[in-house]
Amino acid sequence: MRSANGRADDSEMIRDLRGTDFSVPLPQDSVPLPKKYILFSPTPTRSIQVLSRSRPQKPAESARPPRPAATDVTLDQKNGRFIARRVGVPGLDERFTDVADTFNTQQEHYETMKNKLQTLASRYHCPNNDSLSECLKKIKENHELCHISLEVKGYDFILKVRSEAEISSELKRTQENVTELSRATKSVISVSTKLHEMIDWLLKAEDSMISQIEAAESRHQEQKRLLDNLKENLKEARRAKELSPKYRKEAGNLLNEAAQLSGITP
């Protein structure tokens, strides 16, 4: 619903957010670490005999840098940035780049949202790092001489302060952090629907994309490389499809909490 001046009605937008379920289970699988090899016989006497016959040799140094642990790779793949690989068809390359840029931007806003909330919780020694309600309670307790409230307009919320005395620098920083928190929350929500549609198009067009790549590149080795790139891009797209609703849900919950603190009834 929109009013005559073109702005969305606050309570209607909050109601829409609360009525949506964005829960998506995240994968819980892990990659086992490589097995260690036994360099000597487990029998002590046989090990001594081998060492007495020849001097121990220094193992040859490998020119390759050490490979990262498998667990590190898994964590990076689960939470890292979407890196789009070239598939050799300009239209498809553009689509994958758009999805990667949009997802990475949403992820950055999500991380900013979490960091700003944790900054407020840390400054006011809140027991729960992700509760805006506890933060607001502690802010009011620490600045008793000021009249402090949370004001919500649409998808934006601010910390409003009224005081006869000069506002302290700490409270001013808190106001800035709340504004930054609001901006990041709104940004996470704003790209969610568009990103979902972009990812769905790619996942449904997999067979068509394979045909386009095979038609555009006749050399076997290069074709294989481009198809492998497509496989990796689609894997990244599925990862983004799992994480993006999680970001959207947390941002929506935070906006709902802000609305309730401001006195808006969903």
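The values are calculated or read from the model by the stated rules, or taken from the named source; none is laboratory data. Every value quoted in this text rests on a predicted model; they were computed, and no experiment measured them. Please note: Cβ atoms are built from the backbone with ideal geometry, for glycine as well, and neighbour counts cover all protein chains shown. For accessibility, only protein heavy atoms count, side chains too; no ligands or nucleic acids. Shrake-Rupley method; radii C 1.70, N 1.55, O 1.52, S 1.80 Å.
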_Selected residue (criterion: least open to solvent (accessible area, probe 1.4 Å)) from residues of the stretch 147-172 that are touching a residue at least 24 places away in the same chain (Cβ under 8 Å) and over 17 Å from Ser262 (Cβ atoms)_ = Leu171
*Output the qualifying pairs, or none if there are none: Cβ atoms under 9 angstrom, residues six or more apart or on different chains, first residue in the stretch 223-239 and touching a residue at least 24 places away in the same chain (Cβ under 8 Å), second residue basic (Lys, Arg) and outside any helix (DSSP H, G or I).*
Leu226/Arg85; Leu226/Arg86; Asn229/Arg85; Asn229/Arg86; Leu230/Arg85; Glu232/Arg85; Asn233/Arg85; Glu236/Arg85
*How many residues does the stretch 212-221 contain that are out of contact with any Leu (no Cβ under 7 Å at 6 or more places or on another chain), over 15 Å from Glu94 (Cβ atoms) and surrounded by 12 or more Cβ atoms within 10 Å (Cβ to Cβ)?*
1
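Just to check your reading of the model, which residue among Glu170, Glu164 is of a type in the set (Asp, Glu) and either at pLDDT below 95 or closer than 24 Å to Thr105 by Cβ (or both)? Outline the logic, then answer.
On the way: Glu170 fails: either at pLDDT below 95 or closer than 24 Å to Thr105 by Cβ (or both).
From the options Glu170, Glu164, the qualifying one is Glu164.
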*For the stretch 173-197, which residues satisfy the criterion of being open to solvent by less than 40 Å² (accessible area, probe 1.4 Å) and assigned to a helix (DSSP H, G or I)?*
Thr174, Asn177, Val178, Leu181, Ser182, Ala184, Thr185, Ser187, Val188, Ile189, Ser192, Leu195
